[in-house]
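> One structure, pasted below without further comment.
The values are calculated or read from the model by the stated rules, or taken from the named source; none is laboratory data. It should be emphasised that the depicted structure is a prediction, and the values quoted were computed from it without experimental measurement. Every residue, glycine among them, receives a Cβ derived from its backbone with ideal geometry; neighbour counts consider all protein chains shown. Calculation scope for accessible area: heavy atoms of the full protein, side chains included, ligands and nucleic acids excluded. Shrake-Rupley method; radii C 1.70, N 1.55, O 1.52, S 1.80 Å.
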Amino acid sequence: MAVPDSMRAMRITAHGGPEVLEPAEVAVPVPQAGEVLVKVSAAALNNTDLWTREGAYGRPGEPGALSGWRGPIDFPRIQGADVAGGIVALGAGVDPRLAGRRVVIDPAIYDAEGPHANPVGLMGSERDGGYAEYVTAPVERVHDMTQSPLTEVQLAALPTAYGTALGMIERGRLRKGETALVSGASGGVGLALVQIAVARGARVLAISSGPKTAAVRAAGAHEVLDRARDLTGQLRAAAPSGIDVALDVVAGDTLTEGLPLLREGGRWVVAGALGGYDVAFDVRRLYLHNMQVIGSSMHTPTHFALLMDMARRAEVRPVVAATFPLDQAARAQEVLAARRHVGKIVLCP
C-alpha cells in the first residue's frame, strides 16, 4: 500500500495534565535498517501513559522529580506503548515476506541482546509510540499474529498489561496448585494476572472493590476480597495456610499487611505502587521464613514471546472497557485515570 508523507498523532509537549496531550500533523517515520513501519490499527492505554505524561516516576535520590519511565523525556513525544497493526514498509535488511503481516509490537527497549534482557526504556516514553497512524519498530520486536483469532483491539491490549503480568508470574515462579494473591485485580494488569494465573492452574484470590467484583470473578478469580473491608481477616479466612505468591501492583499498606501472611518460602512480587511507594515491614519475617520480595518491571523477550504464543492460541482474551478515536486521547486518559471501568481502554486511529 502507498504510505503518505504525513500522519495524525497525539503527543505531549511537556509534563502536566491531559491538556498537554495535543494533536499534531507530523511526518510519517521512515524505517531504518532493521526496522519496519507499522500502520496502527489499535493502541491501548496504560497507567504508564498517565505517569509519563505527569512525570510521576521520579529519579534515584529524587522521588519527587519530574521524569519519564526511566529518565528525562525528549519533548515533543508521541505517547503509546501498546500497538497492533500491519506492516506496510520495510527498512534495509528486513525479510520481505513480513510485508502485510498482522503484528503486535513488543514496546520494551532492552539493556542487552538475548532472551533474558531487562527493559530499560519504553515506546511512548523513551521513543515515539502508537498514539499515531504509523510507528516504526525494530524487526526483532514485532511478533506475527496473523493467525491469532483475537481482534486488533484485543491484541493491542496485550503488550504492557499482559507482558507485565506474565513477567510477574514468571519471576514469582508461580506453579500449578499454588495460591496466588492478586491486588488491584480490576485494572488492566490485575485482570491479566487473574487470567494468566488461572491458566497456570493456581488458586487465585483477588482484591478489588465491591462494584467490580463480578467482572473479576468472570475473569476467573476463585475468591474476590473487598479492599474496603478488613483485608487481613479476609485473607486469613480465604487462605488459612497462607499465600504462596502475591502479585502486587498496589504496594503501600497491602504489602505491609499482607507480607506476614506468606507461607514459608513465599514470594511477594511488586510491579506498581498505586497504594504508595514508601513501605515498611518487619524484615525479620523476611529472612526467618525464607520469603522473597521481588521487583518486576514489565517483561523479558522470553516472557513476551510466551505471551504471544498464548495469544495465538487465544488462551487469554483481554477485556476491553471502551474504545476512542485517536483525537480523543486526552479524554480517554481522563477515563483511565478515573478508574471506574473494568478492562482496557483502546484508541483506534
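> Exactly one of (1) open to solvent by less than 70 Å² (accessible area, probe 1.4 Å); (2) modelled with pLDDT of 95 or more; (3) of a type in the set (A, V, I, L, M) is unmet by Ala56. Its number?
So the condition that Ala56 fails would be (2).
> Does at least one position in region 280-293 carry a residue that is touching a residue at least 60 places away in the same chain (Cβ under 8 Å) and among the small types (Gly, Ala, Ser)?
no
> I'm told Val250 meets every condition in (1) within 27 Å of Val342 (Cβ to Cβ); (2) modelled with pLDDT of 95 or more except one. Can you identify the failing condition by its number?
(2)
> Tell me, which residue of region 267-297 that is of a type in the set (Lys, Arg) and assigned to a helix (DSSP H, G or I) is farthest from the chain's Cα centre (by Cα)?
Among those residues, the one meeting the criterion is Arg284.
> Let me ask something else about it. State all residues of region 298-349 that are closer than 22 Å to Met168 by Cα, of a type in the set (Lys, Arg) and over 17 Å from the mean Cα position of the chain (by Cα); if no residue qualifies, say none.
If the condition is that a residue be closer than 22 Å to Met168 by Cα, of a type in the set (Lys, Arg) and over 17 Å from the mean Cα position of the chain (by Cα), then Arg312, Arg313 are the ones that fit.
> Could you tell me whether Glu140 is out of contact with any Leu (no Cβ under 7 Å at 6 or more places or on another chain), open to solvent by 10 Å² or more (accessible area, probe 1.4 Å) and farther than 21 Å from Val346 by Cα?
Criteria met by Glu140.
> Mind checking whether some residue in region 258-271 is open to solvent by 30 Å² or more (accessible area, probe 1.4 Å) and more than 23 Å from Arg175 (Cβ to Cβ)?
no
> Then there is this: List every residue pair whose Cβ atoms sit under 6 Å apart, with the two residues 6 or more apart in sequence or on different chains, where the first one lies in region 47-68 and is under 16 Å from Glu126 (Cα atoms) and the second, anywhere, is open to solvent by 80 Å² or more (accessible area, probe 1.4 Å) and part of a loop (DSSP other than H, G, I, E, B).
Taking only residues 6 or more apart or on different chains, the pairs are Gly55/Leu66.
> Out of Ala117, Ala112, Ala92, I need the residue that is more than 21 Å from His299 (Cα to Cα) and surrounded by fewer than 18 Cβ atoms within 10 Å (Cβ to Cβ). Which one?
Sole residue among the options that is more than 21 Å from His299 (Cα to Cα) and surrounded by fewer than 18 Cβ atoms within 10 Å (Cβ to Cβ): Ala92.
> Among the basic types (Lys, Arg), at pLDDT 95 or above and under 22 Å from Leu50 (Cα atoms): which single residue out of Arg77, Arg175 fits that description?
Unique residue meeting the criteria: Arg77.
> Name every residue in region 23-35 that is part of a strand (DSSP E or B) and in contact with a Pro (Cβ under 8 Å, 6 or more places away or on another chain), in order of residue number.
Hits for region 23-35 are Ala24, Glu35.
> With the structure loaded, tell me whether Val342 is of a type in the set (Val, Ile, Thr), at pLDDT below 95 and not in a helix (DSSP H, G or I) or whether it fails that test.
So Val342 passes the test.
> Does region 318-337 contain at least one residue that is more than 30 Å from Ala132 (Cβ to Cβ), touching a residue at least 60 places away in the same chain (Cβ under 8 Å), assigned to a strand (DSSP E or B) and open to solvent by 10 Å² or more (accessible area, probe 1.4 Å)?
Looking through region 318-337, none of the residues is more than 30 Å from Ala132 (Cβ to Cβ), touching a residue at least 60 places away in the same chain (Cβ under 8 Å), assigned to a strand (DSSP E or B) and open to solvent by 10 Å² or more (accessible area, probe 1.4 Å).
> Same structure, new question: Say we look at region 16-47 and pick out the residues that are within 21 Å of Arg339 (Cβ to Cβ) and not hydrophobic (A, V, I, L, M, F, W, C); which of these is surrounded by the fewest Cβ atoms within 10 Å (Cβ to Cβ)?
Glu19
> Looking at Thr160, is it within 28 Å of Arg77 (Cα to Cα), among the hydroxyl-bearing types (Ser, Thr, Tyr) and either open to solvent by 10 Å² or more (accessible area, probe 1.4 Å) or touching a residue at least 12 places away in the same chain (Cβ under 8 Å) (or both)?
Yes: the conditions hold for Thr160.
> Name the pairs whose Cβ atoms lie under 9 Å apart, with the first residue in region 121-132 and among the aromatic types (Phe, Trp, Tyr), the second at pLDDT below 95 and open to solvent by 10 Å² or more (accessible area, probe 1.4 Å), and 6 or more positions between them or separate chains?
Final answer for the pair search is Tyr131/Pro349.
> To continue, here is another question. Pairs only if they're at least six apart or on different chains, beta carbon under 8 angstrom, first in region 221-236 and closer than 20 Å to Leu193 by Cα, second open to solvent by 70 Å² or more (accessible area, probe 1.4 Å) and at pLDDT 90 or above; list them, first residue then second.
These pairs meet every condition: His222/Arg203; Val224/Arg217.
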